[in-house]
Amino acid sequence: QQQVKQSPQSLIVQKGGISIINCAYENTAFDYFPWYQQFPGKGPALLIAIRPDVSEKKEGRFTISFNKSAKQFSLHIMDSQPGDSATYFCAASMRGNTPLVFGKGTRLSVIA
Amino acid sequence: EPEVTQTPSHQVTQMGQEVILRCVPISNHLYFYWYRQILGQKVEFLVSFYNNEISEKSEIFDDQFSVERPDGSNFTLKIRSTKLEDSAMYFCASSERHPNTGELFFGEGSRLTVL
(Lines give C-alpha, C1' and ligand atoms only; values in the text may rest on other atoms or scores of the structure.)
Protein backbone atom coordinates (compact mmCIF):
# COMPACT_ATOMS: atom_id res chain seq x y z
CA GLN A 1 0.00 0.00 0.00
CA GLN A 2 2.96 2.29 0.52
CA GLN A 3 4.32 1.57 -2.94
CA VAL A 4 4.35 3.69 -6.02
CA LYS A 5 4.77 1.65 -9.20
CA GLN A 6 6.58 3.37 -12.05
CA SER A 7 7.00 2.43 -15.68
CA PRO A 8 8.81 2.11 -17.98
CA GLN A 9 12.18 1.38 -16.42
CA SER A 10 13.93 3.04 -19.34
CA LEU A 11 12.84 5.14 -22.26
CA ILE A 12 14.52 6.34 -25.43
CA VAL A 13 12.91 9.26 -27.23
CA GLN A 14 13.91 11.19 -30.30
CA LYS A 15 14.68 14.87 -29.88
CA GLY A 16 11.47 16.83 -30.25
CA GLY A 17 9.29 13.87 -29.30
CA ILE A 18 7.04 13.37 -26.28
CA SER A 19 8.32 11.41 -23.29
CA ILE A 20 5.66 9.76 -21.15
CA ILE A 21 6.32 8.14 -17.79
CA ASN A 22 3.57 6.51 -15.77
CA CYS A 23 3.00 5.85 -12.09
CA ALA A 24 0.31 4.05 -10.15
CA TYR A 25 -0.49 3.88 -6.46
CA GLU A 26 -2.82 1.97 -4.16
CA ASN A 27 -3.04 4.08 -1.05
CA THR A 28 -5.92 6.53 -1.43
CA ALA A 29 -4.54 8.53 1.50
CA PHE A 30 -1.78 9.84 -0.77
CA ASP A 31 -2.55 13.43 -1.63
CA TYR A 32 0.68 14.90 -2.95
CA PHE A 33 2.41 13.62 -6.07
CA PRO A 34 5.74 15.16 -7.06
CA TRP A 35 8.13 14.22 -9.83
CA TYR A 36 11.84 14.42 -9.19
CA GLN A 37 14.60 14.63 -11.80
CA GLN A 38 18.05 13.22 -11.13
CA PHE A 39 21.15 13.77 -13.22
CA PRO A 40 24.13 11.42 -12.82
CA GLY A 41 26.14 12.20 -9.71
CA LYS A 42 23.49 14.55 -8.34
CA GLY A 43 20.67 14.30 -5.86
CA PRO A 44 17.05 14.27 -7.02
CA ALA A 45 15.52 17.69 -7.61
CA LEU A 46 11.84 18.59 -7.63
CA LEU A 47 10.53 19.05 -11.16
CA ILE A 48 6.78 19.45 -10.80
CA ALA A 49 4.07 18.33 -8.37
CA ILE A 50 0.31 17.92 -8.29
CA ARG A 51 -2.48 17.39 -5.78
CA PRO A 52 -5.57 15.29 -6.48
CA ASP A 53 -7.92 18.28 -6.68
CA VAL A 54 -6.73 18.96 -10.25
CA SER A 55 -6.40 16.61 -13.20
CA GLU A 56 -3.52 18.35 -14.92
CA LYS A 57 -0.67 20.70 -14.12
CA LYS A 58 1.64 22.22 -16.68
CA GLU A 59 4.96 23.97 -16.20
CA GLY A 60 6.72 24.80 -19.42
CA ARG A 61 7.32 21.58 -21.36
CA PHE A 62 6.44 19.39 -18.36
CA THR A 63 2.88 18.29 -17.63
CA ILE A 64 1.49 16.01 -14.95
CA SER A 65 -1.77 14.25 -15.76
CA PHE A 66 -3.64 12.84 -12.79
CA ASN A 67 -6.43 10.27 -12.84
CA LYS A 68 -7.83 9.95 -9.34
CA SER A 69 -10.30 7.17 -10.10
CA ALA A 70 -7.61 5.04 -11.73
CA LYS A 71 -5.06 5.98 -9.09
CA GLN A 72 -2.56 6.85 -11.77
CA PHE A 73 -0.49 9.87 -12.69
CA SER A 74 1.92 10.51 -15.47
CA LEU A 75 4.64 12.90 -16.54
CA HIS A 76 4.67 14.19 -20.10
CA ILE A 77 7.73 15.96 -21.45
CA MET A 78 6.89 17.80 -24.65
CA ASP A 79 9.53 18.63 -27.27
CA SER A 80 12.03 16.43 -25.43
CA GLN A 81 15.63 17.65 -25.55
CA PRO A 82 18.97 15.87 -25.00
CA GLY A 83 19.32 17.95 -21.82
CA ASP A 84 16.25 16.19 -20.46
CA SER A 85 18.20 12.94 -20.37
CA ALA A 86 18.08 11.95 -16.70
CA THR A 87 16.37 9.59 -14.30
CA TYR A 88 12.84 10.59 -13.33
CA PHE A 89 11.19 9.47 -10.12
CA CYS A 90 7.55 9.78 -9.24
CA ALA A 91 6.74 10.01 -5.56
CA ALA A 92 3.80 10.30 -3.23
CA SER A 93 3.06 11.35 0.31
CA MET A 94 0.11 11.78 2.59
CA ARG A 95 -0.85 14.25 5.26
CA GLY A 96 0.68 13.75 8.64
CA ASN A 97 4.28 13.15 9.46
CA THR A 98 4.99 10.59 6.77
CA PRO A 99 7.84 10.68 4.28
CA LEU A 100 7.86 10.75 0.51
CA VAL A 101 7.71 7.32 -1.10
CA PHE A 102 9.53 7.06 -4.43
CA GLY A 103 8.96 4.95 -7.49
CA LYS A 104 11.80 2.89 -8.95
CA GLY A 105 12.73 5.53 -11.50
CA THR A 106 12.77 5.82 -15.28
CA ARG A 107 16.00 6.43 -17.13
CA LEU A 108 15.20 8.73 -20.03
CA SER A 109 17.56 9.13 -22.96
CA VAL A 110 16.73 11.75 -25.56
CA ILE A 111 18.68 11.18 -28.75
CA ALA A 112 19.26 13.66 -31.53
CA GLU B 1 20.98 29.61 -3.85
CA PRO B 2 20.92 27.70 -0.56
CA GLU B 3 21.74 24.04 -0.83
CA VAL B 4 22.12 20.90 1.22
CA THR B 5 25.77 19.92 1.51
CA GLN B 6 27.06 16.46 2.30
CA THR B 7 30.45 15.08 3.29
CA PRO B 8 32.27 12.98 2.40
CA SER B 9 31.37 12.61 -1.25
CA HIS B 10 32.81 9.10 -1.24
CA GLN B 11 33.89 6.83 1.58
CA VAL B 12 35.40 3.38 1.35
CA THR B 13 35.36 1.28 4.50
CA GLN B 14 35.92 -2.25 5.66
CA MET B 15 33.01 -4.40 6.72
CA GLY B 16 32.33 -4.02 10.44
CA GLN B 17 33.71 -0.49 10.66
CA GLU B 18 31.72 2.51 11.85
CA VAL B 19 30.87 5.24 9.37
CA ILE B 20 29.53 8.73 9.94
CA LEU B 21 28.00 10.64 7.06
CA ARG B 22 27.54 14.36 7.54
CA CYS B 23 25.01 16.80 6.19
CA VAL B 24 24.39 20.50 6.53
CA PRO B 25 20.73 21.13 5.71
CA ILE B 26 19.41 24.45 4.45
CA SER B 27 19.47 26.80 7.41
CA ASN B 28 15.78 27.64 7.86
CA HIS B 29 14.56 24.10 7.21
CA LEU B 30 12.90 22.15 9.98
CA TYR B 31 12.53 18.63 8.56
CA PHE B 32 15.51 16.44 7.84
CA TYR B 33 15.80 13.10 6.09
CA TRP B 34 18.17 10.41 5.06
CA TYR B 35 17.45 8.37 1.95
CA ARG B 36 19.63 5.84 0.23
CA GLN B 37 19.94 4.66 -3.33
CA ILE B 38 21.63 1.40 -4.20
CA LEU B 39 23.24 1.73 -7.61
CA GLY B 40 20.58 2.02 -10.29
CA GLN B 41 17.75 1.36 -7.85
CA LYS B 42 15.01 3.49 -6.39
CA VAL B 43 15.46 6.09 -3.70
CA GLU B 44 14.59 4.45 -0.36
CA PHE B 45 13.53 6.28 2.77
CA LEU B 46 15.61 5.63 5.88
CA VAL B 47 14.62 8.14 8.54
CA SER B 48 13.00 11.51 9.15
CA PHE B 49 13.92 13.91 11.92
CA TYR B 50 11.93 16.81 13.27
CA ASN B 51 12.05 18.81 16.45
CA ASN B 52 15.23 17.03 17.55
CA GLU B 53 13.83 13.57 17.38
CA ILE B 54 13.16 10.80 14.90
CA SER B 55 9.66 11.18 13.54
CA GLU B 56 9.61 8.11 11.34
CA LYS B 57 11.97 5.36 10.26
CA SER B 58 11.83 2.54 7.77
CA GLU B 59 12.54 -1.14 8.32
CA ILE B 60 15.98 -0.53 6.79
CA PHE B 61 16.85 1.78 9.69
CA ASP B 62 17.67 -0.88 12.24
CA ASP B 63 19.75 -0.71 15.43
CA GLN B 64 22.94 -0.31 13.39
CA PHE B 65 21.80 3.12 12.26
CA SER B 66 21.47 6.32 14.25
CA VAL B 67 21.01 9.99 13.49
CA GLU B 68 21.99 13.06 15.38
CA ARG B 69 21.74 16.81 15.08
CA PRO B 70 24.54 17.71 17.44
CA ASP B 71 24.87 21.44 17.01
CA GLY B 72 21.86 22.95 15.27
CA SER B 73 23.47 22.91 11.83
CA ASN B 74 24.87 19.44 11.15
CA PHE B 75 22.76 16.34 10.70
CA THR B 76 24.63 13.05 10.82
CA LEU B 77 23.93 9.45 9.94
CA LYS B 78 25.99 6.83 11.76
CA ILE B 79 26.26 3.22 10.74
CA ARG B 80 27.76 1.34 13.65
CA SER B 81 29.02 -1.82 11.99
CA THR B 82 28.85 -1.66 8.23
CA LYS B 83 27.77 -4.59 6.09
CA LEU B 84 28.44 -5.21 2.40
CA GLU B 85 24.78 -4.47 1.65
CA ASP B 86 25.12 -0.98 3.14
CA SER B 87 27.04 0.02 0.01
CA ALA B 88 24.90 2.71 -1.57
CA MET B 89 24.56 6.41 -2.21
CA TYR B 90 23.20 8.11 0.88
CA PHE B 91 21.23 11.30 0.35
CA CYS B 92 20.45 13.86 2.99
CA ALA B 93 17.40 16.02 2.37
CA SER B 94 15.67 18.86 4.14
CA SER B 95 12.46 20.80 3.81
CA GLU B 96 11.11 23.98 5.28
CA ARG B 97 7.71 22.41 5.75
CA HIS B 98 6.48 18.85 5.81
CA PRO B 99 7.15 17.33 2.36
CA ASN B 100 3.43 16.91 1.87
CA THR B 101 3.22 20.68 1.63
CA GLY B 102 6.64 21.70 0.41
CA GLU B 103 9.66 20.78 -1.62
CA LEU B 104 12.28 18.34 -0.44
CA PHE B 105 15.83 19.52 -1.20
CA PHE B 106 18.45 16.83 -1.65
CA GLY B 107 22.19 17.00 -1.28
CA GLU B 108 24.51 15.50 -3.87
CA GLY B 109 24.96 12.37 -1.84
CA SER B 110 27.69 10.41 -0.09
CA ARG B 111 28.74 7.24 -1.84
CA LEU B 112 29.55 4.52 0.67
CA THR B 113 31.50 1.49 -0.47
CA VAL B 114 31.84 -1.36 2.03
CA LEU B 115 34.56 -3.91 1.22
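The values are calculated or read from the model by the stated rules, or taken from the named source; none is laboratory data. Computed from a predicted structure; not experimentally measured. Cβ: placed from backbone, ideal geometry, glycine included. Neighbour counts: every protein chain shown. The accessibility values were calculated without ligands, DNA or RNA, using every heavy atom of the protein model including side chains. Shrake-Rupley method; radii C 1.70, N 1.55, O 1.52, S 1.80 Å.
Please indicate, with yes or no, whether at least one residue in the range A:92-101 is within 7 Å of chain B (Cβ to nearest Cβ), touching a residue at least 60 places away in the same chain (Cβ under 8 Å) and either under 22 Å from A:VAL13 (Cβ atoms) or hydroxyl-bearing (Ser, Thr, Tyr) (or both). Yes: the range A:92-101 contains one or more residues that are within 7 Å of chain B (Cβ to nearest Cβ), touching a residue at least 60 places away in the same chain (Cβ under 8 Å) and either under 22 Å from A:VAL13 (Cβ atoms) or hydroxyl-bearing (Ser, Thr, Tyr) (or both). Counting only strands (runs of 3 or more DSSP E) that fall entirely inside the range A:1-82 and contain at least 1 residues that are of a type in the set (Asp, Glu) and open to solvent by less than 60 Å² (accessible area, probe 1.4 Å), the qualifying elements are A:30-38. Can you pull out the residues in the range B:54-89 that are without any contact (Cβ under 8 Å) to a residue 40 or more places away in the chain and part of a loop (DSSP other than H, G, I, E, B)? Result: B:SER58, B:GLU59, B:ILE60, B:PHE61, B:ASP62, B:ASP63, B:GLN64, B:ARG69, B:PRO70, B:ASP71, B:GLY72.
Scanning the range B:56-79 for residues that are open to solvent by 30 Å² or more (accessible area, probe 1.4 Å) and within 14 Å of another protein chain (Cβ to nearest Cβ) turns up B:GLU56, B:LYS57, B:GLU59, B:ILE60.
Comparison of B:VAL4, B:VAL47 shows that the only residue that is touching a Phe, Trp or Tyr at 6+ places or on another chain (Cβ under 6 Å), surrounded by 12 or more Cβ atoms within 10 Å (Cβ to Cβ) and more than 21 Å from A:ALA92 (Cβ to Cβ) is B:VAL4. Which one is nearest to the other protein chains (Cβ to nearest Cβ) among residues in the range B:94-111 that are part of a strand (DSSP E or B), modelled with pLDDT under 95 and open to solvent by less than 10 Å² (accessible area, probe 1.4 Å)? Ranking the candidates gives B:SER95 first.
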